[in-house]
């Protein structure tokens, strides 16, 4: 569905203007050094250890995504705050055929980073063997504690560890490039930093890449949600609200089309989640969808088991669809309601590991029933 969018200084006067009284001349030798020492201490306390403007780098600050870093001046910003991508930077390359990039992307935090380590190992086993294809070799894939000496005590304590994965890619013509991924989890969000570079710049850019991560400042990303009295969570811009299951928390959405996103328990590389999307209001033939949708889903996924029914939804009705299928080796169940209000058409969808869904199904139904649109005083008076 197409979604709705959108150094501070101070002056300290020293008593140098006082008349040259005998008492002052006698005390000057002791008082003045102490005053100067006081000034030095104050300046040290209020000044950073190194001025950022002097480090030859510039800031990339994406507050909504909760990330600020400093990067070399030659790394050119080409994309900013789009879907789940905080930024993309073009980095100079020797070969025109090489696509030098540095990316930062946000995702659902996994149960632990070891799950992504397994993904990289699985990808290495599936690397193509054909001579005509690019050959990918996994050179490094390690979970590393962040060293305070390298990354600073605050960042090392905040992140704990990172997953570093390094790939070498060689074309049939013998050209080599490298891909470095550093994954960290903070504020309930997975941040993936990626460097793609040619062989000529690999060693230098890898050092710059580490320095970029060491400069990172993380703050909670903006979810667009606000907790209301009574337990509802409201989407501030679109003014609809619903409850969350116990233990679930708002999270950063995977795309601009997702208006409301929340995450529950983790199960390996799957995290239970809730997604709300919306479009402009238009006819929604529920009976017709009830009859046609199951066949469409099974056509796309032969493993899917689908049930559809029409259920009450506030003052209207919704098409409720439950789909059980398998993703990789994990059994997954989705529960979705589609309905139309005066304001919009909505899709509200839970995706859970199947055994977890079975425990939560009654609670999830209550969450779906709690969905409401909020009318502020201005809108109400205009109506």
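Do the conditions hold for residue 281, that is, is it on the phi < 0 side of the Ramachandran plot and in contact with a strand residue (DSSP E or B) (Cβ under 8 Å, 6 or more places away or on another chain)? Spell out how you get there, then give the answer.
Values: on the phi < 0 side of the Ramachandran plot: yes; in contact with a strand residue (DSSP E or B) (Cβ under 8 Å, 6 or more places away or on another chain): yes.
The answer is yes for residue 281.
Does any residue in the range 326-341 that is more than 27 Å from residue 375 (Cβ to Cβ) come within less than 6 Å, Cβ to Cβ, of a residue that is modelled with pLDDT under 90 and surrounded by 13 or more Cβ atoms within 10 Å (Cβ to Cβ) six or more places away or on a different chain, and which pairs are these?
330/270
Of all residues in the range 214-228 being outside any helix (DSSP H, G or I) and in contact with a helix residue (DSSP H, G or I) (Cβ under 8 Å, 6 or more places away or on another chain), which is nearest to residue 59 (Cα to Cα)?
The first filter runs over the range 214-228 and keeps only residues outside any helix (DSSP H, G or I), leaving 215-228.
This time we only want the ones that are in contact with a helix residue (DSSP H, G or I) (Cβ under 8 Å, 6 or more places away or on another chain), so: 216, 218-219, 221-222.
Working: 216: 10, 218: 13, 219: 15, 221: 18, 222: 19 Å.
Restricting to residues being outside any helix (DSSP H, G or I) and in contact with a helix residue (DSSP H, G or I) (Cβ under 8 Å, 6 or more places away or on another chain), the top hit is 216.
Is at least one residue of the range 155-173 surrounded by 20 or more Cβ atoms within 10 Å (Cβ to Cβ) and in a loop (DSSP other than H, G, I, E, B)?
no
Is there a residue being within 22 Å of residue 366 (Cα to Cα) and in contact with a helix residue (DSSP H, G or I) (Cβ under 6 Å, 6 or more places away or on another chain) anywhere in the range 169-176?
Keep residues of the range 169-176 that are within 22 Å of residue 366 (Cα to Cα), which gives none.
No, the range 169-176 contains no residue that is within 22 Å of residue 366 (Cα to Cα) and in contact with a helix residue (DSSP H, G or I) (Cβ under 6 Å, 6 or more places away or on another chain).
Go over the candidates 331, 370 one by one and state the one that is within 22 Å of residue 251 (Cβ to Cβ) and either in contact with a strand residue (DSSP E or B) (Cβ under 9 Å, 6 or more places away or on another chain) or modelled with pLDDT under 95 (or both).
Details: 331 fails: within 22 Å of residue 251 (Cβ to Cβ).
Going through 331, 370 in turn, the sole match is 370.
Tell me yes or no: at least one residue of the range 240-258 is surrounded by fewer than 15 Cβ atoms within 10 Å (Cβ to Cβ) and in contact with a helix residue (DSSP H, G or I) (Cβ under 9 Å, 6 or more places away or on another chain). Full working, then the answer.
If we filter the range 240-258 for residues that are surrounded by fewer than 15 Cβ atoms within 10 Å (Cβ to Cβ), which is where we start, we get 246-247, 249, 255-256.
Keeping just the survivors that are in contact with a helix residue (DSSP H, G or I) (Cβ under 9 Å, 6 or more places away or on another chain) gives 246.
The answer is yes; a qualifying residue exists.
Any residue at all in the range 88-97 that is modelled with pLDDT under 90, touching a helix residue (DSSP H, G or I) at 6+ places or on another chain (Cβ under 7 Å) and either outside any loop (DSSP other than H, G, I, E, B) or assigned by TED's automatic domain parsing to the domain that holds residue 193 (or both)?
The first filter runs over the range 88-97 and keeps only residues modelled with pLDDT under 90, leaving 94-97.
Checking which are touching a helix residue (DSSP H, G or I) at 6+ places or on another chain (Cβ under 7 Å) leaves us with 94.
Subset that is either outside any loop (DSSP other than H, G, I, E, B) or assigned by TED's automatic domain parsing to the domain that holds residue 193 (or both): 94.
Yes, the range 88-97 contains a residue that is modelled with pLDDT under 90, touching a helix residue (DSSP H, G or I) at 6+ places or on another chain (Cβ under 7 Å) and either outside any loop (DSSP other than H, G, I, E, B) or assigned by TED's automatic domain parsing to the domain that holds residue 193 (or both).
Which of the residues spanning the range 347-358 are more than 24 Å from the chain's Cα centre (by Cα) and crowded, with 19+ Cβ neighbours inside 10 Å?
Within the range 347-358, the first condition is being more than 24 Å from the chain's Cα centre (by Cα), and the residues that meet it are 354-358.
Of everything in the range 347-358, just one residue is more than 24 Å from the chain's Cα centre (by Cα) and crowded, with 19+ Cβ neighbours inside 10 Å, namely 357.
Within the range 133-144, identify whether any single residue is in a helix (DSSP H, G or I) and surrounded by 16 or more Cβ atoms within 10 Å (Cβ to Cβ), and answer yes or no. Before you say what the answer is, go through the steps one by one.
Looking only at the range 133-144, we keep the residues that are in a helix (DSSP H, G or I), and these are none.
Among the residues of the range 133-144, not one is in a helix (DSSP H, G or I) and surrounded by 16 or more Cβ atoms within 10 Å (Cβ to Cβ), which makes the answer no.
Examine the range 196-213 for a residue that is closer than 28 Å to residue 261 by Cβ, outside any strand (DSSP E or B) and in the same structural domain as residue 58 (by TED's automatic domain parsing), and state whether such a residue exists.
Scanning the range 196-213, I find at least one residue that is closer than 28 Å to residue 261 by Cβ, outside any strand (DSSP E or B) and in the same structural domain as residue 58 (by TED's automatic domain parsing), so the answer is yes.
Consider residue 229 carefully, then state whether it is closer than 19 Å to residue 364 by Cβ and surrounded by fewer than 19 Cβ atoms within 10 Å (Cβ to Cβ). Quick ask: steps written out before the conclusion?
Numbers: closer than 19 Å to residue 364 by Cβ: no; surrounded by fewer than 19 Cβ atoms within 10 Å (Cβ to Cβ): yes.
Spelling it out, it is not the case that residue 229 is closer than 19 Å to residue 364 by Cβ and surrounded by fewer than 19 Cβ atoms within 10 Å (Cβ to Cβ).
The values are calculated or read from the model by the stated rules, or taken from the named source; none is laboratory data. Worth saying up front: this structure is predicted, and the values here are computed from it rather than measured. For neighbour counting, all protein chains shown are included, and Cβ atoms are generated from backbone atoms with ideal geometry for every residue, glycine included.
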